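Inspection log for the structure reproduced underneath, given as structure tokens.
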Amino acid sequence: MRRLACVMAASVLVLTGCSLPRHHPEVTFYANGKAIRVEPAVYCDVNGDNCAEQSQPAQLRVPAGKVVQISVDGQLADGIWEAVFLYRDSAGREQTTGTGLLGKGENFTYTLALPNKTDQLMGIEIHEAAAAVLETGQPLLRGYWAVEVTD
């Protein structure tokens, strides 16, 4: 999970600020016959300011070769979001990849399937973009939802 946190920090989305917002959208993860609803680990106001840590990463059992279905709150789907995930390939190397930017009222769900049946998922983060952008034109991170995967 530490590596996934580093990836998040290096992501084009950047967190700023500190303090509790009023509404906390949830993300649902479904795998191996079990669904979990997850609150944000960090959540900020719409401009990417006044952020607060909310919760620890959730845990979900996902055996190698199984998919994870992700369903985001309507608030996230109307904005811009992405899924970033860490997995171990069949050679034992840790790999990080993601979906690219989703949302804009078009993407409420995503099915995460790893490249090979022997790959083992290790962690997932959902990132929500804030209304503010960096000088580079990249969006700031408004919040993220984290899941540690067990096999």
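The values are calculated or read from the model by the stated rules, or taken from the named source; none is laboratory data. Because the structure is predicted, anything quoted here is derived from the model rather than measured. Here the Cβ positions follow ideal geometry from the backbone for every residue, glycine too, while neighbour counts run over all protein chains shown. Accessible surface areas use protein heavy atoms only, side chains included; no ligands, DNA or RNA. Shrake-Rupley method; radii C 1.70, N 1.55, O 1.52, S 1.80 Å.
Numerical summary
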{"read-out": "Hits in the stretch 109-126 (condition: within 12 Å of the chain's Cα centre (by Cα) and under 9 Å from Val67 (Cα atoms))", "value": "Leu112"}
{"read-out": "Answer residue from the stretch 19-44, given it is assigned to a loop (DSSP other than H, G, I, E, B) and either basic (Lys, Arg) or at pLDDT below 85 (or both) and is nearest to Leu114 (Cα to Cα) among those", "value": "His24"}
{"read-out": "Index of the failed condition, Glu135 passing every other in (1) open to solvent by less than 20 Å² (accessible area, probe 1.4 Å); (2) without any contact (Cβ under 8 Å) to a residue 12 or more places away in the chain; (3) of a type in the set (Asp, Glu)", "value": "(1)"}
{"read-out": "Lone qualifier among Gln69, Gln54 - being open to solvent by 60 Å² or more (accessible area, probe 1.4 Å) and closer than 22 Å to Arg37 by Cα", "value": "Gln69"}
{"read-out": "Scope the stretch 129-145; condition farther than 14 Å from Val72 by Cβ and in a strand (DSSP E or B); matching residues", "value": "Ala130, Ala131, Ala132, Val133, Pro139, Leu140, Leu141"}
{"read-out": "In the stretch 103-113, the residues that are at pLDDT below 95 and open to solvent by less than 30 Å² (accessible area, probe 1.4 Å)", "value": "Gly103"}
{"read-out": "Count - residues of the stretch 72-98 that are small (Gly, Ala, Ser), open to solvent by 50 Å² or more (accessible area, probe 1.4 Å) and over 13 Å from Leu114 (Cβ atoms)", "value": "1"}
